[in-house]
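Peer 1: Just passing along the structure, written as structure tokens.
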Amino acid sequence: MASNLKEPAPGTPQGGRRLPRTAVIGAGGYLGRHLLAAYQRVYPDTLGVDVVGPWTHLLDLAAPDIRPLKLRESGYEYAIISAAVTGLARCEQDKDYTRARNVTGTLELARQLTGEGVIPVFFSTDNVFDGREGGYTDEAPTSPVNEYGAQKAEMERRLPEVTRGRYLIPRLGKVFGLIRGDRTLLDEMAERLSRGQEVAAARDQIFCPVLVGDVVWAVLGLQEVGATGLFNVCAPEVWSRFDLALALAQALGVDPALVKGISLDDLKEPFRRTKRGDLRCRRLRAALNLEFQPMAACIAAVAKSYREGGL
Ligand SMILES: NC(=O)c1ccc[n+]([C@@H]2O[C@H](COP(=O)([O-])OP(=O)(O)OC[C@H]3O[C@@H](n4cnc5c(N)ncnc54)[C@H](OP(=O)(O)O)[C@@H]3O)[C@@H](O)[C@H]2O)c1
């Protein structure tokens, strides 16, 4: 089974500080699951909550109430907010519904956490940029071109005041995993290619994808050094979706002609996507000594899991 090439090693402080106790709100989601598992390796009883599911407590961003979680009295210093109504199309179609949860409700949640002395960790995205130039630094002014990006940009703007400066915002590139069937970036392409199906991949979608294990590693590392503020978090390699798909086709040993180069404009979606979302992670590099997994190794791992499972 392909797993993270490099497992995060929580409890191995990079900055000489122990890992603070951290609750995970949105623990059933993609990032939340991985973060909860990492914290539970150090603190097996780490609290996870979500809007539905098998959790002791449920929390709805539409009307958050953290009192039943008893965070402060249980020794929690941080809370991951990986809960959100995600998806560009969803945010575009349901602006009021998503904004009520992703902005208004999330700010209220952050306000309550701050009131208990708990530091919120909120995830932003490269979609806060219009994507004309790319190479965005941590400090680059935001300029969203879709509702998802606008909601995230508003959170970036308002969270510092609501939390009185005690917050952490990892601003992520596209997050992916290596597990067959995880429906993330490489897996979705490998699934189609391995069946001999075409993959339409935009030549003009340029980004810095980041392995989920590396995101976990970065978040825990930033907590361990006591960092606050906003940090771009992505791998240093800049890829187009087309080049990724082509490299994957080659690694799978399938006909590269299955990869059709398109433009994002060809998708004719009723909203714009950020074309160049590549980020520069200066603050992260200054704070932590992180090595991101090379994309070639990630592509090889996904291709291997598909080849071993039979094409
Ligand atoms: N994954 C990426 O590539 C990426 C990149 C940049 C930023 N981010 C951000 O990182 C965060 C986590 O992303 P993700 O990929 O883990 O998303 P995800 O898999 O969609 O997880 C979001 C979680 O929030 C829950 N949720 C939905 N509505 C809720 C509500 N009203 N109250 C409480 N919880 C609710 C979801 O539950 P249900 O499944 O039951 O709806 C799900 O468990 C999001 O803020 C996302 O925008 C992700």
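The values are calculated or read from the model by the stated rules, or taken from the named source; none is laboratory data. Because the structure is predicted, anything quoted here is derived from the model rather than measured. For neighbour counting, all protein chains shown are included, and Cβ atoms are generated from backbone atoms with ideal geometry for every residue, glycine included. Just so you know, the surface numbers come from the protein's heavy atoms only, side chains and all, with ligands and any DNA or RNA stripped out. Shrake-Rupley method; radii C 1.70, N 1.55, O 1.52, S 1.80 Å.
Peer 1: In whole Hz, with x marking every Gly and Pro, tabulate ³J(HN,Hα) for segment 170-176 from phi via Karplus 6.51 cos²θ - 1.76 cosθ + 1.60, θ = phi - 60°.
Peer 2: Taking θ as phi minus 60°, the curve returns x, 9, 9, x, 5, 8, 9 Hz for segment 170-176.
Peer 1: Compute the projected area of the convex hull of the Cα atoms of segment 196-311, averaged over all viewing directions, and report it in nm² to one decimal place. Intermediate values should be presented prior to the final figure.
Peer 2: On the way: hull surface 34.9 nm².
It is 8.7 nm².
Peer 1: So, one more: Segment 187-265 to segment 283-311: how many Å between their Cα centroids?
Peer 2: Cα centroid to Cα centroid, the span is 10 Å.
Peer 1: Apply the Karplus parameterisation 6.51 cos²θ - 1.76 cosθ + 1.60, with θ equal to phi minus 60°, to every residue of segment 74-85 and state each ³J(HN,Hα) to the nearest whole Hz, in sequence, with x for glycine and proline.
Peer 2: 8, x, 6, 9, 10, 9, 6, 10, 9, 6, 5, 8
Peer 1: Here's a follow-up. Just the accessible area per residue of the chain, please: how many Å² with a 1.4 Å probe? Please list the in-between numbers first.
Peer 2: Details: 13570 Å² over 311 residues.
Ligands and nucleic acids excluded, the figure is 44 Å² per residue.
Peer 1: OK, next. Spit out the partnerless Cys residues in the chain, using Cβ distances under 4.7 Å as the pairing rule.
Peer 2: If one checks each Cβ against the other cysteines of the chain, C91, C281, C298 turn up with nothing under 4.7 Å.
Peer 1: Still on this structure, please answer the following. Please list, ordered by chain and number, the residues whose modelled amide H lies under 5 Å from the amide H of K260; skip anything fewer than 5 residues away on the same chain.
Peer 2: Amide H neighbours of K260: V199, A200, A201.
Peer 1: What is the log10 of I(q)/I(0) for segment 74-160, computed with the Debye formula using one identical point scatterer on each Cα and no solvent, at q = 0.13, 0.18 Å⁻¹?
Peer 2: -0.45, -0.79
Peer 1: Right, here's the next one. List the residues whose amide H sits under 5 Å from the amide H of F231, counting only those 5 or more places along or on another chain, with H placed 1.01 Å from N in the peptide plane.
Peer 2: HN-HN under 5 Å from F231: I169, R171.
Peer 1: With only alpha-carbon atoms counted, please give the Rg and Dmax of segment 123-202, in Å.
Peer 2: Final numbers for Rg and Dmax: 16.5, 53 Å.
Peer 1: Can you run the Rg to Rh ratio on segment 26-124? Use alpha carbon positions and the Kirkwood inverse-distance Rh.
Peer 2: Values: Rg = 13.3 Å, Rh = 13.9 Å.
With Rg and the Kirkwood Rh in hand, the quotient comes to 0.96.
Peer 1: List every residue whose amide H lies under 5 Å from the amide H of I206, counting only residues 5 or more places away in sequence or on a different chain, with H placed 1.01 Å from N in the peptide plane.
Peer 2: Under 5 Å from the amide H of I206 lie the amide H atoms of R276, G277, each far enough along the sequence or on another chain.
Peer 1: Continuing with this model, one more query. By DSSP, what percent of the beta bridges with both residues in the chain are antiparallel, rounded to the nearest 5?
Peer 2: On the way: 2 of 29 bridges.
Looking only at bridges with both residues in the chain, the antiparallel portion is about 5 percent.
Peer 1: In whole Hz, with x marking every Gly and Pro, tabulate ³J(HN,Hα) for segment 283-293 from phi via Karplus 6.51 cos²θ - 1.76 cosθ + 1.60, θ = phi - 60°.
Peer 2: Taking θ as phi minus 60°, the curve returns 5, 5, 5, 6, 8, 9, 9, 10, 10, 7, 5 Hz for segment 283-293.
Peer 1: Roughly speaking, to the nearest percent, how much of segment 29-157's 1.4 Å accessible area is carbon and sulfur?
Peer 2: That share works out to 50 percent.
Peer 1: Hey, another quick one. State the Kirkwood hydrodynamic radius of the chain in Å, one decimal place, computed from all pairs of distinct Cα atoms. Could you put the intermediate results ahead of the total?
Peer 2: Details: mean 1/r = 0.0500 Å⁻¹.
Evaluated over the chain, this radius sits at 20.0 Å.
Peer 1: Show me 264-273, 185-194 ranked by packing, highest mean number of other Cβ atoms within 10 Å first.
Peer 2: On the way: 264-273: 12.9, 185-194: 21.5.
The most tightly packed comes first, giving 185-194, 264-273.
Peer 1: Same structure, new question: What number do you get for segment 260-311 when its Cα radius of gyration is normalised by 2.2 N^0.38 Å, N = residues? Walk me through the numbers before you get to the answer.
Peer 2: Details: Rg = 17.3 Å, N = 52, 2.2 N^0.38 = 9.9 Å.
Segment 260-311 yields a ratio of 1.76.
Peer 1: For segment 186-255, restrict the atom set to alpha-carbon positions and state the Rg and Dmax in Å.
Peer 2: Taking only Cα atoms of segment 186-255, I get Rg and Dmax of 15.8, 48 Å.
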